[in-house]
Amino acid sequence: MMKEKQSRAKAVRSGDQEASRRGKRRTSGAKALEQSVVHSAAEAIVVVDLEGNIRLWNPCAERLFQRPARDVLGEKFIGLFPAEMHDRVQNCLDKAAAGQARENVELVYPASQARRVDLCLSSAPLEGFQEAGVVLLLRDWSRKRKEIERINEENLELSETLGQLGLAHAELQETKRELELLTIFDDLTKLYNRRYFFHRAKTEFARALRYQHPLGLLLLDFDRFKSVNDELGHPFGDAVLRQAGMLVLGTIRTVDIAARYGGEEFVILAPDTPMEGLKVLGERLRATFEEYTFVHEGQSRQVTMSAGGCAVPPYRFADLDEMLRRTDEMLYRAKETRNRVECEQG
C-alpha cells in the first residue's frame with residue numbers, strides 16, 4: 001500500500017514538472033516570438049520605464065535615429081530631442097503612463113547638422129512587461145512632410161493662378177463690356193447707334209401694343225446743316241453733332257432712347273409718353289437748340305433743328321416701320337418752315 005502511494009505521488013510530481021517545463025517552453029517561445037516581432041518590425045519601437053529611461057530599442061529605431069541600442073539603453077528618451085520639444089515629448093510620456101494613448105504627435109529629430117527627421121510619435125501604456133512603462137511607435141514623416149509641403153506649394157500656386165484667372169476674367173469682362181459699348185454707341189455723338197435703336201425700338205413697340213401703353217417717337221434734323229459744313233468745314237460740323245448729342249442727352253429722360261439715325265438726323269423713342277408729352281419734349285429740344293451757340297476752335301454758329309413726331313394710342317400703325325415712315329413725313333412737313341415741331345397722333 002505504501003509503495004503504491006509513493007508511486008502515485010512520484011507520478012504527480014513528474015506530471016507537475018512536465019507541465020512546468022511545457023509552460024516554460026511556451027513562455028520562452030512567446031517571448032522569442034515577441035522579440036522576433038519587435039526586432040523585425042518595419043517601424044521604430046521604443047520602450048521606456050516610468051522614469052523615462054530607454055529599456056528597449058529595436059533595429060528600426062537604430063536606423064531611424066542612426067544610433068545603436070548600446071548607446072541609448074538606460075538613457076533618457078527625452079534627451080534625444082531639442083530642448084524646445086521636451087515639453088511635448090514629456091507630455092506624451094506622462095499621458096501614456098497614466099493610461100491615455102496618444103497618436104500622431106509630430107516631432108523633429110536632428111539626426112545631423114545637415115539632416116533632420118520629421119517624426120510621428122504614438123504612445124501607449126506598456127502591458128505584460130517586466131515593469132511598468134510606456135511603449136512608443138515612431139514613424140519617419142520626412143517624406144510625407146515634403147509631400148504635404150509640395151501639395152501646399154502647389155495649392156498656393158493654384159490659388160495664385162486662380163486669382164490671376166479671376167483678375168483676367170474681370171479684365172475680359174470689362175473689355176467685353178467696352179466692346180459692347182462700342183457696338184451699341186455712335187462714336188461721334190455718344191448716342192446709341194442706328195442698329196441698337198432698332199433693337200430697342202422693336203421691343204418697345206411690341207410692349208406698347210401688348211399692354212396698351214403709350215409710345216412716342218421723334219425724328220430730329222438740323223436746318224441747313226450742309227451750309228455749316230460748306231462754310232465752316234467738316235471738323236466744325238462734327239463738333240456740332242458731338243455737342244448736339246450732349247444737348248439731347250441733357251434734355252431727355254433716362255428712360256428715353258436717343259440714337260444717331262443717320263448723318264445729321266437723330267431719333268428719340270419715348271416709352272410711356274402720349275402725344276401731349278411728346279409735343280412738350282419736341283418743343284423743349286427745339287428751344288434748346290435755338291438758344292445754343294455751337295463753338296469750335298474759335299468759330300461759332302447757331303444751328304436750329306426741326307422735328308417730326310408720332311405717338312400711339314390709338315394703335316393704327318401695323319408695325320414700327322410704318323410708324324417711322326409717318327414720323328419722317330412729319331419731319332419733312334416741319335422742315336418746310338424750319339425750326340418747327342410737327343406731330344401726328346397714330
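Annotations for the structure displayed:
- Filtering the stretch 208-254 to residues that are without any contact (Cβ under 8 Å) to a residue 40 or more places away in the chain, in a loop (DSSP other than H, G, I, E, B) and over 49 Å from the mean Cα position of the chain (by Cα) leaves only 233.
- Residues within the stretch 271-303 that are under 16 Å from residue 334 (Cβ atoms), outside any helix (DSSP H, G or I) and out of contact with any Phe, Trp or Tyr (no Cβ under 6 Å at 6 or more places or on another chain), tallied: 0
- Residue satisfying all of: in the stretch 100-121; under 16 Å from residue 90 (Cβ atoms) and in contact with a Cys (Cβ under 9 Å, 6 or more places away or on another chain); modelled with the lowest pLDDT among these: 102
- Single match in 197, 222 (criterion: modelled with pLDDT of 95 or more, under 22 Å from residue 275 (Cα atoms) and aromatic (Phe, Trp, Tyr)): 197
- The stretch 27-71, residues that are modelled with pLDDT of 80 or more, under 21 Å from residue 125 (Cβ atoms) and assigned to a helix (DSSP H, G or I): 61
- Of the residues screened, residue 217 is not one that is surrounded by fewer than 15 Cβ atoms within 10 Å (Cβ to Cβ), hydrophobic (A, V, I, L, M, F, W, C) and touching a strand residue (DSSP E or B) at 6+ places or on another chain (Cβ under 9 Å).
- Selected residue (criterion: nearest to residue 286 (Cα to Cα)) from residues of the stretch 239-255 that are polar (S, T, N, Q) and crowded, with 16+ Cβ neighbours inside 10 Å: 251
The values are calculated or read from the model by the stated rules, or taken from the named source; none is laboratory data. This structure is a prediction, so every number in the text was calculated from the model and none was measured. Glycine also receives a Cβ, built like all others from the backbone with ideal geometry; neighbour counts cover every protein chain displayed.
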